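Asker: Let me give you the structure first, and then I'll get to my questions.
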Amino acid sequence: MKVTSILVAAASIAVLALSPTAFAQQGKYGTATEAKAMLEKVVAAVKANKAKALASFSAGTDGFKDRDLQPFCWNKSDGLLTASGFPALLGKDIRTLKDSTGKAYGEENFKAAIDGKITEVSYLFPRPGETEPISTVSFITGVGDQGCGVGYFK
């Protein structure tokens, strides 16, 4: 094989690897791995500046909205939601939330908010912009006086 053939082949591979379609291979929906990684960012953001972080979580700014992934938080003391991509839930007591089957997932989330520990809570919930509840798993942890989670849809 000639050196020029090898160079052409290498250049072609590089162009394909760096093309926009290669970067667009990210799926339409967030994954468990991505949700867990976002939760780690959530913990760091709350520790750095809680007020700014909670505002960013609700607004979906500063990298805290990725397709259908968005954090939510609540006060550990009274359960009131302090951040949510669903504005109607802000200020509600998370402990009162139940899915369409009657499962009290909000109470599970509330109890799972332990600093330094990540717990998975499964329930039914609609994707943002949709109304049909589907299988959802949220990663939950505690961060000081906040309980926080990031869910992904199966």
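The values are calculated or read from the model by the stated rules, or taken from the named source; none is laboratory data. Owing to the predicted nature of the structure, the values given are computational and were not obtained by experimental measurement. Note that we place each Cβ from the backbone using ideal geometry, even for glycine, and neighbour counts take in every protein chain shown.
Asker: Select, from 85, 27, the only residue that is within 17 Å of residue 146 (Cα to Cα), of a type outside the set (A, V, I, L, M) and in a loop (DSSP other than H, G, I, E, B).
Answerer: Exactly one residue qualifies, and that residue is 85.
Asker: Hey, residue 33 hits all of (1) touching a Lys or Arg at 6+ places or on another chain (Cβ under 7 Å); (2) under 17 Å from residue 153 (Cβ atoms) but one; which does it fall short on?
Answerer: (1)
Asker: Taking only pairs six or more apart or across chains, which ones have beta-carbon atoms under 9 Å, a first residue in region 75-88 that is among the β-branched types (Val, Ile, Thr) and at pLDDT 95 or above, and a second residue that is part of a strand (DSSP E or B) and crowded, with 19+ Cβ neighbours inside 10 Å?
Answerer: Once the first residue is among the β-branched types (Val, Ile, Thr) and at pLDDT 95 or above and sits in region 75-88, its partners that are part of a strand (DSSP E or B) and crowded, with 19+ Cβ neighbours inside 10 Å give 82/72; 82/73; 82/74; 82/146.
Asker: In region 18-30, is there at least one residue being farther than 22 Å from residue 132 by Cβ, of a type in the set (Ser, Thr, Tyr) and modelled with pLDDT under 95?
Answerer: Yes, there is a match, as at least one residue in region 18-30 is farther than 22 Å from residue 132 by Cβ, of a type in the set (Ser, Thr, Tyr) and modelled with pLDDT under 95.
Asker: Another question, if that's okay. Which ones in region 45-75 are over 20 Å from residue 92 (Cβ atoms), in contact with a helix residue (DSSP H, G or I) (Cβ under 9 Å, 6 or more places away or on another chain) and aliphatic (A, V, I, L, M)?
Answerer: Matches in region 45-75: 45, 69.
Asker: With part of a loop (DSSP other than H, G, I, E, B), hydrophobic (A, V, I, L, M, F, W, C) and farther than 19 Å from residue 116 by Cα as the only criterion, which of 57, 64 stands out?
Answerer: 64
Asker: On to the next question. Which residue is farthest from residue 84 (Cα to Cα), if the candidates are limited to region 116-142 and must be assigned to a loop (DSSP other than H, G, I, E, B) and free of Cβ contacts under 8 Å to residues at least 24 places away in the same chain?
Answerer: Across region 116-142, the extreme among qualifying residues is 132.
Asker: Could you check, for region 47-62, whether at least one of its residues is farther than 17 Å from residue 125 by Cα, at pLDDT 95 or above and among the acidic types (Asp, Glu)?
Answerer: Yes, that holds for at least one residue.
Asker: Let me ask something else about it. Filtering region 91-150 down to residues that are within 13 Å of residue 79 (Cβ to Cβ) and of a type in the set (S, T, N, Q), which residue is surrounded by the fewest Cβ atoms within 10 Å (Cβ to Cβ)?
Answerer: Looking at residues that are within 13 Å of residue 79 (Cβ to Cβ) and of a type in the set (S, T, N, Q), I get 96.
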